[in-house]
Amino acid sequence: MTNHKILLVDDDQNLLEMLFSIFKRAGYTNLLTAASGAQALRVWRDEQPNLIVLDVMMPEISGFEICRIIREKYMFPVIMLTAKV
């Protein structure tokens, strides 16, 4: 379907695998994953994805903080995942 790089970030391995599966079944082939905020920032810097699907509540660095760091340099789509009301 598309070769856009998508970075999926979640500290819950089961949710990360589910997201990967959903995007793969939808035809996305260039999927990157990160299981922590620090890893997400490393992958983002190295790979420059076109979209990030980002969990809000993570240990160490929250999704909001990751988004803030990225937005200081680049403006591109970020989808925030949250279980918060």
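For the criterion of being outside any strand (DSSP E or B) and open to solvent by less than 50 Å² (accessible area, probe 1.4 Å), F20 fails.
Would you mind finding the one in R42, R68 that is within 26 Å of N3 (Cβ to Cβ), open to solvent by 20 Å² or more (accessible area, probe 1.4 Å) and in a helix (DSSP H, G or I)?
R42
Look at A26 and say whether it is modelled with pLDDT of 95 or more and small (G, A, S). Spelling it out, it is not the case that A26 is modelled with pLDDT of 95 or more and small (G, A, S).
Taking region 1-17, which residues are farther than 19 Å from F64 by Cα and either free of Cβ contacts under 8 Å to residues at least 12 places away in the same chain or part of a loop (DSSP other than H, G, I, E, B) (or both)?
Hits for region 1-17 are M1, N3, H4, K5, N14, E17.
Considering M57, M1, the condition of being modelled with pLDDT under 95, open to solvent by 30 Å² or more (accessible area, probe 1.4 Å) and in contact with a Phe, Trp or Tyr (Cβ under 9 Å, 6 or more places away or on another chain) is satisfied by M1 alone. Evaluated against (1) of a type in the set (V, I, T); (2) outside any strand (DSSP E or B); (3) open to solvent by 40 Å² or more (accessible area, probe 1.4 Å), I79 falls short on exactly one condition, (2). Contact map, region 21-34: first residue over 13 Å from L51 (Cβ atoms) and touching a residue at least 12 places away in the same chain (Cβ under 8 Å), second residue part of a loop (DSSP other than H, G, I, E, B) and not aromatic (F, W, Y), Cβ cut-off under 6 Å, separation 6 or more or different chains; pairs are G27/M1.
The values are calculated or read from the model by the stated rules, or taken from the named source; none is laboratory data. Being a predicted model, the structure only gives us computed values, none of them experimental. A quick note on method: Cβ atoms are made from the backbone with ideal geometry, for glycine too, and the neighbour counts reach across all protein chains shown. Remember, those area values only see protein heavy atoms, side chains included, never the ligands or the DNA or RNA. Shrake-Rupley method; radii C 1.70, N 1.55, O 1.52, S 1.80 Å.
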